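> Structure incoming, see below.
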Amino acid sequence: MSEAKADPKRVLLIISGGIAAYKSLELIRLLRRQGVGVRCVMTKAAEQFVTPLSVSALSEDKVYTDLFSLTDEAEMGHIQLSRSADLLVVAPATADILARMANGNANDIATTVLLATDKPVMAAPAMNVRMWTHAATRANIATLQQRGVEMIGPVEGDMACGEFGFGRMSEPAEIAAAVMARLDTPGTQKAAQTGPLAGRSAIVTSGPTHEPIDPVRYIANRSSGRQGHAIAEALARAGAQVTLVAGPTRLADPVGVETVHVETAQQMLDACLAALPADIAVCAAAVADWRVSGKAEQKLKKDSGALPTLTLAENPDILATLSRQGPTRPRLVVGFAAETEAVLEHAIAKRKRKGCDWILANDVSEGTGTFGGDNNRIHFIDQNGHDDWPESTKAEVAQNLARKIAEHFAKDSS
Ligand code: CTP
């Protein structure tokens with residue numbers, strides 16, 4: 001039986017002239033891989049960083065660079081261009097293009113299209129930290145946000161200019177996820193009535209936890225939260241009502257999901273228990289195994305004479321607690337196993353020890369790039385054995401898992 005396919009979504013990607021322009025090539029690839037049509041507009045400055053030829057090759061479409069090109073206008077006028085997409089995405093969005101957008105300029109094809117559009121606009125700012133914090137940029141961002149332009153990032157990190165701070169463009173995978181969520185907002189609402197997980201509720205944990213040492217220091221880990229956030233979003237898209245319990249991350253709250261922000265393992269457990277009952281629990285958070293017992297009320301000082309000694313206490317195990325909840329146990333409890341050696345063996349034992357139904361095991365040893373990275377290679381383990389999933393993006397892992405959960409509930413109720 002063939003399923004009726006919805007029209008493919010279309011994005012008009014506006015590439016302005018910043019060093020991050022090279023990342024837009026990856027963004028085009030990621031969006032196209034998810035079935036989104038991408039048509040591109042480039043500013044003159046962007047052409048200094050990437051060539052229209054590479055952009056055109058990846059988007060498999062003409063690239064628009066000139067407001068006064070008779071050929072371009074004959075093929076598609078700029079007004080039509082501005083309305084031919086479902087969503088406009090400016091990435092990278094330099095301080096200059098943001099200023100021109102805020103001001104309503106129409107002095108090149110990019111700003112003309114942005115002024116003429118009646119479609120939603122998202123922007124992924126990219127600039128030096130001082131430009132980002134300058135009062136002029138702050139005012140421009142505020143103006144644009146008031147008008148409904150959605151900002152993706154920027155994030156904190158090393159910059160091309162050698163400085164460190166906020167202003168680095170979000171990674172293409174994060175921009176792609178935000179774009180997909182925005183394109184799918186009505187889909188999420190519709191899925192709640194008709195999706196395969198409609199009527200089901202889910203709790204998802206995501207990100208690291210921070211365990212305080214004193215008022216300014218904490219113990220943490222390298223988890224980015226990308227996998228857990230992607231799972232929350234995928235379950236919501238399949239129609240589930242999702243509560244995401246998120247440790248501190250730099251990610252935006254996923255669309256269509258109720259997000260509860262926590263810091264410590266204890267707070268994460270409390271938020272999960274408060275969200276019960278639920279049909280599904282997916283524990284993707286990298287919960288700190290230990291907290292500092294008797295955290296210092298005042299900042300520890302170097303001149304106190306002795307080196308501080310931290311005494312650790314074990315944190316509650318959220319996955320094991322949810323798996324052993326008795327009558328309020330979610331019908332399906334899924335955990336992850338982050339291992340650096342004997343991955344399968346340790347993960348199989350972990351599933352039994354924690355009492356969960358499924359474990360998604362991954363190798364997080366140095367060099368795999370899993371922790372904090374874009375990709376994941378999963379060994380799926382249940383009571384019947386294991387199945388190795390091919391290496392894929394965290395968004396794809398999330399979709400696979402959501403599909404598998406939906407199949408499980410479909411079987412269960414048939
Ligand atoms: N987990 C949890 N609460 C904890 C520790 C882990 O809910 N306090 C969950 C994680 O979200 C994950 C699973 O347990 O789903 C396994 O986490 P992992 O870090 O691989 O294992 P640990 O339990 O920490 O065991 P170890 O560090 O000894 O491998």
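The values are calculated or read from the model by the stated rules, or taken from the named source; none is laboratory data. The structure presented is a predicted model; accordingly, all values stated were derived computationally and were not measured. Neighbour counts are summed over all protein chains in view; Cβ atoms, including those assigned to glycine, are modelled from backbone coordinates with ideal geometry.
> Being more than 27 Å from Thr328 (Cβ to Cβ) and either out of contact with any Asp or Glu (no Cβ under 7 Å at 6 or more places or on another chain) or assigned by TED's automatic domain parsing to the domain that holds Ile175 (or both) narrows it down to one of Ile203, Ile219, Ile231, Ile213, so name that one.
Working: Ile203 fails: more than 27 Å from Thr328 (Cβ to Cβ); Ile219 fails: either out of contact with any Asp or Glu (no Cβ under 7 Å at 6 or more places or on another chain) or assigned by TED's automatic domain parsing to the domain that holds Ile175 (or both); Ile231 fails: more than 27 Å from Thr328 (Cβ to Cβ).
The unique qualifying residue is Ile213.
> Pairs under 7 Å by beta carbon, first residue under 17 Å from Leu276 (Cα atoms) and among the hydroxyl-bearing types (Ser, Thr, Tyr) in region 328-344, partner in a loop (DSSP other than H, G, I, E, B) and more than 9 Å from the ligand (Cβ to nearest atom), six or more apart or different chains?
Pairs that qualify, where the first residue is under 17 Å from Leu276 (Cα atoms) and among the hydroxyl-bearing types (Ser, Thr, Tyr) and the partner is in a loop (DSSP other than H, G, I, E, B) and more than 9 Å from the ligand (Cβ to nearest atom), are Thr328/Leu276; Thr328/Pro277.
> So in region 230-264, with the set limited to residues that are over 24 Å from Pro215 (Cα atoms) and hydroxyl-bearing (Ser, Thr, Tyr), which one is farthest from the chain's Cα centre (by Cα)?
The qualifying residue farthest from the chain's Cα centre (by Cα) is Thr243.
> When both residues are 6+ apart or on different chains and their Cβ atoms are under 6 Å apart, which pairs have a first residue that lies in region 262-289 and is more than 12 Å from Thr243 (Cα to Cα), and a second that is more than 9 Å from the ligand (Cβ to nearest atom) and among the acidic types (Asp, Glu)?
Sorted first by the residue in region 262-289, then by its partner, the pairs are Thr264/Glu211; Ala288/Glu211.
> For Asp86, only one of the following conditions fails: (1) touching a helix residue (DSSP H, G or I) at 6+ places or on another chain (Cβ under 7 Å); (2) under 19 Å from Met169 (Cβ atoms). What is its number?
With (1) touching a helix residue (DSSP H, G or I) at 6+ places or on another chain (Cβ under 7 Å); (2) under 19 Å from Met169 (Cβ atoms) applied to Asp86, the lone miss is (2).
> Then there is this: Which of the residues spanning region 320-334 are under 27 Å from His210 (Cβ atoms) and touching a Ser or Thr at 6+ places or on another chain (Cβ under 8 Å)? Before the answer, list the steps.
Of all residues in region 320-334, those under 27 Å from His210 (Cβ atoms) come to 320-325, 330, 333-334.
The one that is under 27 Å from His210 (Cβ atoms) and touching a Ser or Thr at 6+ places or on another chain (Cβ under 8 Å): Val333.
> Would you mind stating whether Asp387 is farther than 22 Å from Glu233 by Cβ, more than 14 Å from the ligand (Cβ to nearest atom) and not assigned by TED's automatic domain parsing to the domain that holds Ala177?
Spelling it out, Asp387 is indeed farther than 22 Å from Glu233 by Cβ, more than 14 Å from the ligand (Cβ to nearest atom) and not assigned by TED's automatic domain parsing to the domain that holds Ala177.
> Can you tell me which residue among Ala124, Ala102, Ala93 is touching a helix residue (DSSP H, G or I) at 6+ places or on another chain (Cβ under 6 Å), under 29 Å from Ala395 (Cα atoms) and either loosely packed, with under 14 Cβ neighbours inside 10 Å or modelled with pLDDT of 90 or more (or both)?
On the way: Ala102 fails: under 29 Å from Ala395 (Cα atoms); Ala93 fails: touching a helix residue (DSSP H, G or I) at 6+ places or on another chain (Cβ under 6 Å).
None of the other options fit; the residue is Ala124.
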